[in-house]
1. Starting from one equal scatterer on each C-alpha and no solvent at all, send me the Debye-based log10 I(q)/I(0) for segment B:210-349 at q = 0.09, 0.21 Å⁻¹, two decimals.
2. How large is the dipole of the protein assembly as shown about the Cα centre if only Lys and Arg carry +1 and Asp and Glu carry -1, each at its Cβ, rounded to the nearest 20 debye?
3. In whole Hz and in residue order, list the ³J(HN,Hα) couplings for segment B:462-471 that follow from phi through the Karplus curve 6.51 cos²θ - 1.76 cosθ + 1.60, θ = phi - 60°; x for Gly and Pro.
4. Which cross-chain or sequence-distant (5 or more) residues have an amide H under 5 Å from the amide H of A:Val72, H modelled 1.01 Å from N in plane?
5. I'd like the distance between the alpha-carbon centres of segment B:512-578 and segment B:219-258, rounded to an integer number of Å.
6. Stick to the Cα atoms of segment A:5-74, pair each with every other, and give me the Kirkwood hydrodynamic radius in Å at one decimal.
7. So what are the ³J(HN,Hα) numbers for segment B:238-249, from phi and the Karplus equation (6.51, -1.76, 1.60; θ = phi - 60°), rounded to whole Hz, Gly and Pro as x?
8. For segment B:353-366, take each phi angle, set θ = phi - 60°, evaluate the Karplus expression 6.51 cos²θ - 1.76 cosθ + 1.60, and give the result in whole Hz per residue in order, putting x for glycine and proline.
Amino acid sequence: MNNSIANLKVGEKGIIEEICTDIIPLNLLEMGCLPGQIVQLIQIAPLKDPLYIKVNGSHLAIRQDMAKQIKVTPL
Amino acid sequence: MRKAKIVNVALVGNPNTGKTSLFNQLTGLNQKVGNYPGITVDKKTGTCKINQNLVAEIIDLPGTYSINPTSLDETIVLETLLNEDSLTHPDVVIVVAEVENLKRNLLLFSQIKDLGLPTILAINMADQMDKKGISIDLAQLKQELKSEVVLISARKKQGIDTLKSLIENFETWNTEPIANISNKIDSDFFAELKTTFPNNSLYKSWLYITQFEYFNFLSSEDKNNVTKLRDNINKIKQFQHKETIYRYQIINDILQKVYKKDKLIAKDLRSRLDRILTHKIFGYVIFATIMLLIFQSIFEWASLPMDLIDILFANLSEFTKNNLPSGPLTNLIAEGVIPGIGGVVIFIPQIAILFLFIAILEETGYMSRVVFLMDKIMRKFGMSGKSVIPLISGTACAIPAIMASRNINGWKERLITILVIPFTTCSARLPVYAILIALIIPKQRVLGIFNLQGLTLMALYLLGFAAAIASAMLLNKTLKVQNRSFFVIEMPNYKLPSIKNVFYTIVEKTKAFIFGAGKIILALSVVLWFLASNGSTSFQNAEEHIKSQPENIALSETALNKKISSYKLKHSYIGYLGRTIEPAIEPMGYDWKIGIALISSFAAREVFVGALATIYSVESDGYSVGTIKERMAAEVNSEGEKRFNFATGISLLLFYAFAMQCIGTLAIVKRETNSWKWPILQLVGMGILAYVVSVIAYTILS
């Protein structure tokens with residue numbers, strides 16, 4: 001299984017599995033992107049990057065390289 | 001009357017919570033913007049009368065999602081809250097939250113509450129709760145958070161009085177922590193931490209460990225202790241992640257009890273607007289249209305007030321000269337100080353209009369969509385989506401633009417943005433372009449609709465952007481700067497802009513420009529005036545020298561006076577400078593007179609036109625371009641050819657497009673990068689580029 005937020009399709013949701021402490025900055029967690037939370041991919045920017053996601057009530061934009069590091073179980 | 005007691009109150013909150021609205025509501029016009037010692041982050045403070053005996057000194061701290069900083073602005077929050085010796089250390093903290101994003105806002109609240117300071121939660125935009133189907137059990141929320149909580153609506157002035165009356169009793173507030181970090185994360189580690197700093201709240205000591213690099217105020221003994229405890233950085237990072245997860249658990253548990261949201265009522269304006277504004281075609285079309293509108297307005301709307309300011313200061317100068325007793329002091333005021341102030345004031349209309357638009361775009365939430373649309377494109381050039389706004393601001397003035405680059409998180413992205421901003425065509429270049437284009441480009445129409453002079457001006461704007469982008473690419477390849485860029489931005493909900501907030505932003509930014517750049521422009525104008533109006537013996541004997549020349553005897557008085565001032569200029573200090581650099585600027589097609597204008601405009605580009613006006617001894621009746629232009633067009637070189645021919649004109653345009661001729665910008669770059677290395681790189685790099693390009697252009701064209 002190699003599912004990350006970057007593999008979701010627009011509108012799809014997933015549950016965040018684990019977040020790697022070394023790669024993912026603390027401030028992403030602090031904005032609500034936590035293991036066990038449901039994340040929805042809302043939109044992808046025209047040039048495929050960044051990604052617009054909704055997680056834990058927050059609407060955030062993150063870049064592809066970070067999205068790839070956040071593993072999810074698609075719902 | 002008894003003197004009222006003063007309490008320091010800090011406003012803290014996530015961005016987009018209306019923290020600034022509350023600040024404006026509490027302080028009104030009793031606010032001032034200063035600097036924190038050593039850095040240029042704006043410090044906004046204001047006073048607010050709580051009651052007869054209590055006055056609050058309110059400080060509006062930069063918006064942040066967490067007490068753990070990710071950018072320069074956010075470190076201020078940490079430092080202000082933790083450094084007890086600092087003058088601004090608060091007695092009371094108001095955490096501003098927004099009713100819709102209460103969960104995320106409570107994370108910051110829980111962190112601040114755990115510091116042990118008297119803390120109150122102000123939940124803003126409470127007036128929209130019904131519309132959004134939200135209900136909150138306030139009494140229970142107070143109990144769970146062990147804190148005072150107040151519902152407010154800063155824009156509608158609701159709840160402000162309740163907030164003030166609660167602050168009266170801040171000394172009786174419960175200051176217990178919400179989160180028991182010790183048990184949930186690692187009890188051994190935190191037990192040791194507690195023994196090391198017995199007098200601190202545990203959370204405060206924990207921040208000493210995690211945010212060590214920001215605590216210059218710790219004693220060396222404390223620093224040693226901290227270093228020992230943070231030997232395993234990976235472990236510390238894991239603890240921080242655990243802490244965040246734990247905090248969200250507590251918050252979720254609380255909100256489940258007290259916060260209800262009826263999902264059916266929630267409308268979805270956001271997603272509909274998002275679909276259009278970030279659409280792969282419409283998104284860019286809308287953005288381009290808005291940009292075009294902004295540019296148009298800056299030049300259309302600003303031109304009238306700018307002309308008025310110009311005339312006003314010219315008349316004021318004239319008036320001073322005629323009505324004060326003549327002497328060096330009057331000359332200094334009339335020819336140095338007043339034009340100097342005028343040179344600053346003239347930029348206010350453009351800067352105010354620019355920030356009117358930027359404030360509206362930010363208030364509505366559209367700016368985040370621009371960042372989202374542009375990030376990938378900007379990254380190709382080593383910048384970030386967040387660089388777009390500073391680059392646009394650069395078309396008014398590079399100084400506020402460079403200050404606007406602060407919220408770019410990655411250092412390399414921020415540095416590149418700062419370094420390339422001065423290439424964008426700032427408003428100071430406009431008067432120079434205007435007069436040179438009028439001189440060398442014929443007034444004719446192309447394809448029936450386009451004005452050739454206008455097209456040239458547009459080409460110069462594009463040239464500026466192209467130079468910025470190209471140098472960004474080059475810097476991206478060559479700069480070896482450590483870069484840890486974590487790009488996370490919030491996409492806030494769309495809002496109508498508040499007129500009050502927009503107004504205060506304009507006032508604040510304009511003030512920052514006047515007092516930041518203005519001082520330097522004014523000072524240099526005075527220096528230049530001195531250099532141009534003083535000189536050695538030949539300068540002092542100018543009058544006798546000219547009058548003793550046989551060919552001058554027949555001249556009228558006006559012609560004679562012009563000749564005298566020309567001669568004076570040539571022999572003034574600045575005239576010597578101009579003639580000294582003549583050999584170096586000859587390959588670009590300039591003579592010593594243009595050299596003087598170049599030196600004069602090193603301080604600020606727009607001085608070029610005024611300097612030429614003086615040099616060609618034209619009566620600068622309110623800088624009327626016509627007369628200066630006519631005189632410039634008539635100027636000939638030693639071979640009797642036109643001085644401002646096409647080749648020299650183009651060479652000058654290119655020189656002004658590329659050269660770094662702005663002391664104010666250099667000073668601000670020094671402050672923002674905290675090093676002389678970068679402003680010197682800009683000065684030298686852009687100078688060489690300007691020189692080489694101008695020489696090549698002149699050689700080819702002449």
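1. Evaluating at q = 0.09, 0.21 Å⁻¹ gives log10 I(q)/I(0) of -0.83, -1.20.
2. Values: 80 positive and 66 negative charges, 307 e Å.
Once rounded to the nearest 20, the dipole reads 1480 debye.
3. Each residue of segment B:462-471 in turn: 4, 4, x, 5, 4, 5, 5, 5, 5, 6 Hz.
4. A:Asn3, A:Ser4, A:Ile5, A:Glu17
5. Here the answer is 67 Å between Cα centres.
6. 11.7
7. These are the phi-based 3J(HN,Hα) values: 4, 4, 5, 4, 4, 4, 5, 4, 5, 4, 5, 4 Hz.
8. 5, 4, 6, 4, 5, 4, 5, 5, 4, 6, 4, 6, x, 5
All of the numbers you see were taken from the coordinates with simple rules; none came from a lab. Nothing here was measured: the structure is a model prediction, and the numbers come from that model. Note that we place each Cβ from the backbone using ideal geometry, even for glycine, and neighbour counts take in every protein chain shown.
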